[in-house]
Amino acid sequence: MERERAAFVCRHVFEGSRSIRLVAHEDGDWQFLCGEEHEPGDGPRVVGLNHLIERDPSIVEILELRQGWEAERHDVGAPWVRRQIGE
């Protein structure tokens with residue numbers, strides 16, 4: 001996977017106030033989210049994947065995630081649980 005690729009993140013991940021706990025690979029896009037609720041209108045931010053890897057190297061484990069799949073974990077260091085989106 002190209003590490004200079006753009007990725008969507010929620011405000012909490014963007015600000016660093018919460019860790020990445022949910023990753024989705026859908027329609028060619030990558031989303032790295034905290035997995036928590038957000039305020040209405042609180043849209044995604046775009047960052048370089050390389051910056052996310054620098055902040056949390058453990059996400060490298062799920063970069064082979066297939067199109068239409070997501071991975072979730074309870075906290076940093078916990079194992080990723082992979083599933084098809086919508087299951």
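Rule-based calculations on the coordinates, nothing more; no lab input. Since the model is a prediction, treat every value here as computed from it, not as a measurement. All Cβ positions, even for glycine, are placed from backbone atoms using ideal geometry, and neighbour counts span all protein chains on display.
Overview of values
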read-out: Residues of the range 6-25 that turn out to be β-branched (Val, Ile, Thr) and surrounded by fewer than 15 Cβ atoms within 10 Å (Cβ to Cβ), as a count; value: 0
read-out: Criterion violated by His12 - all others in (1) over 22 Å from Val81 (Cβ atoms); (2) free of Cβ contacts under 8 Å to residues at least 40 places away in the same chain; (3) not aromatic (Phe, Trp, Tyr) satisfied; value: (1)
read-out: Every residue from the range 38-61 that is in contact with a Lys or Arg (Cβ under 7 Å, 6 or more places away or on another chain) and closer than 14 Å to Glu15 by Cβ; value: His38, Asp42, Arg45
read-out: Those residues of the range 47-78 which are part of a helix (DSSP H, G or I) and among the β-branched types (Val, Ile, Thr), in sequence order; value: Ile53, Ile59, Val60, Ile62
read-out: Single residue of Gly28, Gly35, Gly43 found to be surrounded by fewer than 13 Cβ atoms within 10 Å (Cβ to Cβ) and at positive phi; value: Gly28
read-out: Residues within the range 46-78 that are polar (S, T, N, Q) and surrounded by 14 or more Cβ atoms within 10 Å (Cβ to Cβ), tallied; value: 1
read-out: Residue match in the range 15-27 (condition: out of contact with any helix residue (DSSP H, G or I) (no Cβ under 6 Å at 6 or more places or on another chain) and over 22 Å from Ala78 (Cα atoms)); value: yes
read-out: Unique match (being of a type in the set (Phe, Trp, Tyr) and in a helix (DSSP H, G or I)) among Phe32, Phe14, Phe8; value: Phe14
